[in-house]
Every structure is written in structure tokens, then in C-alpha cells.
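Okay, so here's the structure we're looking at.
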Amino acid sequence: MSELVTPRVIGLAGTGRIGVAHAETLAAFEEVDTVVVADADPDRARGAADKLGLRFAADIETLLGSGIDGLVITTATDSHPELITAAVDRGIPVFCEKPVAADIDGTLAVLEHIADSTVPVQIGFQRRFDAGYRAARNAVATGELGRLHTVRATTLDPAPPPAEYIPRSGGLFRDCGVHDFDIIRWVTGRDIVEVYATGANRGDQFFTAAGDVDTAAVLLRLDDDTLATVSLTRYNGAGYDVRLEVLGSTTNTIVGLDPRSPLHSAEPGATPSPHPPYPNFMDRFREAYTTELQTFLSVVAGSLESPCTPADALEAFYVAEACELSRRERRPVPLTEVRR
């Protein structure tokens, strides 16, 4: 875009929990005069619009034709490819919650469709906008940590999502671990070249029925031979626990270690934190989500390139795909084996 144009009308497709939260955030920005919402369930969209004082569009086609300057997509994953391409074809900048599509082939089809377009697309990996992760990235980039030798990431949910969500979630690695895979790449500035993943089910049987696992451990090898581990579970009763430990030859830094971290020391005399743990990802990353959407407005205005492109999302998805293959076949999997 040759001119900087302040976005005044933002469309939002999908008025579930995260969609409503994003709509509230967008409506509070000074740059935004109007938020227009639509949903596959028109009654749900109308209810959200009435509650928040937003404009209502009866369907997605009406939303796309309503003169919006940018589109935020928070719908179900299987609708992402169609919405991304439809908006780009109309010249509308897009923010889409991850993933781009439900699988690699679908993601590649979107990338091929938009390859020759200059319309920006930003994918929602909100950890890139969290102050702690940004500080860790800077510590790596400046050499403050020395030579990296170990990276440890955790995403531990306090309770599983509804049973009906699991069969269409893509599985623990694609739905949950993909955030860790993206942020490890982003913080370290390195590519992941090999994975070894395993998983277990000791909780509800709906995970097993869906061919998924409720807990997993992953060993990653980066392209400079730094080793990383990722721990994932749906059953961390102590609270929502998301951390990244980056350990170097000089010192270390830890993201997510604060008074609300659900960590309990077994050492005698240790004082427990008086603060409650984070109940969920929306609470933990509230500021990051706000910064992410504020950044999208700059992308819409043409003053900033997309900070997280569909190609970035594809790289994290390749890692998730390799993890699922590794878990099923109980062997290390190089990324070259799944890369198209």
C-alpha cells in the first residue's frame, strides 16, 4: 500500500470466546471507529454486537462487503483458508488466529493462492507479543546468554477442553504445542531440524477415542545443535503454566516465572506466593493479545509488515506434524521428512 491510511472499520468473523475478547479490544482502540461482527451462527453474532455496541453483519459475505479496512478471523479452523483467501482477493488485510488451515496441504494451498498478492496476512501467535518472550529474544540476539545449550518450554493447561473439541482440534501438538514450536524458533532465531515425541493418556477416554494424547514430551534439535524440550498436558491442576527457559554458557533467562506461576517449592521454609495462578491463556496473555491487535492495525495502515506470516505458521506446523509422526511411529523424525 502506497499511502498510510488509518484503519477505521475492522471486521471480525467468529464471535466465540476469543472473538468477543478481540472485538472488545478492537473497539477500545482510538484508531477504530467501528467493529463489524459476523458468525456462522447469526444469532450469536447479533447477541455479541448488541452486548458490545458493535455493528452486525448477517453473514460473512455481507461482512466482507461492508467496507471494512481489515478482517480479524477467529472462526473454526476449517473455515480459515476460505476466509483468508476471500479477504485477500478483495484487497482486505487479514489477521487470522492460528492455524492457517487444518493440515499442511491446506496451509500450502493458502500460501500458493496468496503468493502473488501484496495484501498482508498476520497469523495469531500471541506469544511473540508478550513482554517476557520479547526480552528473552533480545537476550539471545545480543549474546547476553552466551552460547545456548538448552531450551525448555512448557504449556500446561489446568483442565482439558470440551470432549467435542478434541476430534477437530488437530491433536495436542498441532493445537497446543505449535505455540511452543513457533516461539522456540522466534526466540532463538534457529530452525528446528529433528524431533522425537512421545505421549500418554491417563485422563479422560475421549482423547484416546480421538487418536490424541493428553500429555506429551518432545525433544527438539535445532540447526546449531542446541537441544530443546517441550512439555505439554491438558491436566495441570495447579493452574495455567506457560514458561520458556533459555539456558546459555554465560547465564539464563526464564519467561513466565512470576508471582502467579503455579509452582510450589518443596524446600523447607519456602514461602508460597499469595497470588492466584493464571486460570487460562486469555488471562495470562491479555496484554500480548492487545499488543498483537494494535500491531495488526499498523499492518492494515501499511506502516508495518506482517510480523507473523503464513509462512512462519507453516514452519511451526511442520514441527507439529513431525511430532505426531514421531509419536505414532516411536522414532526420531527429521523435518525434511514432512516438509513439502
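Exactly one residue out of 116, 180, 204, 212 is of a type in the set (Asp, Glu) and under 28 Å from residue 257 (Cβ atoms): that is 180.
Matching residues to (1) aliphatic (A, V, I, L, M); (2) in contact with a Phe, Trp or Tyr (Cβ under 8 Å, 6 or more places away or on another chain):
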site	(1), (2)
111	yes, no
117	no, no
120	no, no
129	no, yes
132	no, no
140	yes, no
145	yes, no
149	no, no
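Out of all the residues in the stretch 123-182, which are hydrophobic (A, V, I, L, M, F, W, C) and not in a helix (DSSP H, G or I)?
Passing the criteria: 123, 125, 145, 148, 151, 153, 156, 159.
Number of residues in the stretch 184-202 that are more than 15 Å from residue 171 (Cα to Cα), more than 20 Å from the chain's Cα centre (by Cα) and either free of Cβ contacts under 8 Å to residues at least 12 places away in the same chain or in a loop (DSSP other than H, G, I, E, B) (or both): the value is 1. Among the residues of the stretch 134-165, count how many are surrounded by fewer than 20 Cβ atoms within 10 Å (Cβ to Cβ) and within 19 Å of residue 232 (Cβ to Cβ). Adding up the residues that qualify gives 10. The stretch 1-112 holds helices (runs of 4 or more DSSP H) entirely within its bounds, and those carrying 1 or more residues that are open to solvent by less than 50 Å² (accessible area, probe 1.4 Å) and closer than 23 Å to residue 312 by Cβ map to 17-28, 80-89.
The values are calculated or read from the model by the stated rules, or taken from the named source; none is laboratory data. Just so it is clear, the structure is predicted and the values come from calculations on it, not from any experiment. FYI the Cβ positions are ideal-geometry reconstructions off the backbone, even for glycines, and counts take in every protein chain you see. Ligands, DNA and RNA are stripped out before the accessible areas are found, and what is left, the full protein with its side chains, is counted by its heavy atoms. Shrake-Rupley method; radii C 1.70, N 1.55, O 1.52, S 1.80 Å.
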